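First the structure, in the form of C-alpha cells, and then the observations on it.
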Amino acid sequence: MSPAAALAPEAAKPRVGFLGVGWIGRHRMEAIATSGAAEIAAIADPSADMTKEAAKLAPKAELAASLDDLLALGLDGIVIATPSALHAEQAIRALDAGVAVFCQKPLGRTAAEARQVVEAARRADRLLAVDLSYRHTAAMEKIRELVRSGALGEVYAADLVFHNAYGPDKAWFYDPALSGGGCVMDLGVHLVDLALWMLDFPAVTRVSASLFAGGRPLQPSQQVEDYAVATLQLETGAIVRIACSWRLSAGCDALISADFHGTSGSGAMRNVNGSFYDFTAEHFQGTARTTLAVPPDAWGGRAAVDWARRLAAGARFDAEAERLVDVAAAVDAIYAEGAAVRR
C-alpha cells in the first residue's frame, strides 16, 4: 500500500433515516447498525415510546417529528416502516427529494401505486428496494441454486404456503382502504414474490383465486380476507399454487413452505416446529432427500443490509425494481379474480 493510500480517509458511510420504528423498523435498524454499512442518522415515529426504544439502538441519531423533518437533514437513504397506505406517497416524496428508499412491503396497495414509486426512483436515479426478506433465507438461496444450476430440470409446478395462527395487532390491517387487503397483501405477497423470483419472473398469463373472511366469501368493500387460495399460470406453462391465512387452526404458530417441482427433482423449504424464523431446505430426487440448509440462520435483516451496502457502494436506480410492479400486478389479479368468483 502506498503512503498516500494509507493516509486516505475512509469513505463516509451513507446517512440513513428511519420513518416508523415499530418492531420491524427497529429490527431493520439494528441489522443495518450491526453491519456497519450505514450511519443511523435520524429517527421519526409518532409514538414517543417507539422513538425511545429506537434511540437505545442508535443514541447518536437525531430525533425528527416527520418525513419532512427527515428530508430536511440531507440524508442519503430512508427506511420506511409505516402503515401500508402511506408507503407509496412517502416513498415518492423521499425519492423526489433525491433520497434512496428501502420500504416495507407492500410497496403500494395496488400495482398502479407500485408503478408510481418505481417511476419516481427512475426519475431521481435513486436506489429503491422492498423488504421481501424471505428471498434472503439460506433455505431459499439454496433452492435457487438448484433451479439455476438445472439440478431440478424444467420447473413446472410450485406450491407455496404461509398460514399464520395469529392476526395482525394493528386496526389498520383490517381496513381495506388502509391496508389494501388482508392475508394476501400481508403474507401472500411474499409467496408470489418467491415464486416469480425463483423462476426469473416469467409473465403471469392467468389467475384464479378464492378469498374468505371468517369462513365466508369475502365482501371486499367491508372487510379483508383472512384465508386465500390462488393459482397462477405462467407463460412458461408452469403452475404456481399459493395459500395463506391469518388465525388458522394449524396446531402451531405458523406453517410456511415453498416447494418447486421439476422434471429432474424438487426443492423444498419448510419451517421447523411451527417457527416463523427457522427453515430447512431439501433436495428431493425420487424417494431420496438431501438436506441443503438448517437453522440457525439470522436472515431477518439481510434485505435491509443488502440495500444499505449497495447504497454505500454508490448504487443508483436498478431496473430490477420493475419486478416489484410484476409482483403487485399478480396480487392485483388475485384480488380481482377473488372478487369475480363472488359475482
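Here are a few things to note about the model shown:
- Restricting A329, A268, A336, A319 to residues that are among the aliphatic types (A, V, I, L, M) and over 19 Å from W197 (Cα atoms) narrows the list to A336.
- Hey, T280 β-branched (V, I, T), more than 19 Å from the chain's Cα centre (by Cα) and crowded, with 16+ Cβ neighbours inside 10 Å or not: yes
- Residue count for the stretch 192-215 under the criterion of being more than 20 Å from L146 (Cα to Cα), of a type in the set (G, A, S) and surrounded by 22 or more Cβ atoms within 10 Å (Cβ to Cβ): the result is 1.
- For the stretch 135-144, the criterion of a residue being within 18 Å of A321 (Cβ to Cβ) and either surrounded by fewer than 23 Cβ atoms within 10 Å (Cβ to Cβ) or among the hydrophobic types (A, V, I, L, M, F, W, C) (or both) is satisfied by at least one position.
- Options A8, A12, A55: the member that is modelled with pLDDT of 95 or more and either surrounded by fewer than 21 Cβ atoms within 10 Å (Cβ to Cβ) or not basic (K, R) (or both): A55
- Residues being exposed (fewer than 15 other Cβ atoms within 10 Å of the Cβ) and charged (D, E, K, R) - total across the stretch 216-237: 2
- Number of the exception - D186 against (1) modelled with pLDDT under 95; (2) surrounded by 17 or more Cβ atoms within 10 Å (Cβ to Cβ); (3) acidic (D, E): (1)
- For first residues located in the stretch 125-140 and over 12 Å from L95 (Cβ atoms), partners that are open to solvent by 10 Å² or more (accessible area, probe 1.4 Å) and polar (S, T, N, Q) and lie 6+ apart or on another chain with Cβ distances below 6 Å form the pairs D131/Q104.
- For the stretch 215-237, the set of residues classified as in contact with a strand residue (DSSP E or B) (Cβ under 9 Å, 6 or more places away or on another chain) and part of a loop (DSSP other than H, G, I, E, B) consists of G215, L218, Q219, P220, Q222, Q223, V224, E225, D226, E235, T236, G237, listed by residue number.
- When D45, D76 are screened for being among the acidic types (D, E), in contact with a helix residue (DSSP H, G or I) (Cβ under 7 Å, 6 or more places away or on another chain) and more than 17 Å from L311 (Cβ to Cβ), only D45 passes.
- Top-ranked residue of the stretch 238-252 - restricted to ones that are of a type outside the set (A, V, I, L, M, F, W, C) and out of contact with any strand residue (DSSP E or B) (no Cβ under 8 Å at 6 or more places or on another chain), ranked as least open to solvent (accessible area, probe 1.4 Å): G251
The values are calculated or read from the model by the stated rules, or taken from the named source; none is laboratory data. Predicted, not measured: the structure shown is a model, and the values here were computed from it. Reconstructed Cβ throughout: ideal geometry from the backbone, glycine too, with neighbour counts over all protein chains shown. We work out accessible area using only protein heavy atoms, side chains counted, and drop any ligands, DNA or RNA first. Shrake-Rupley method; radii C 1.70, N 1.55, O 1.52, S 1.80 Å.
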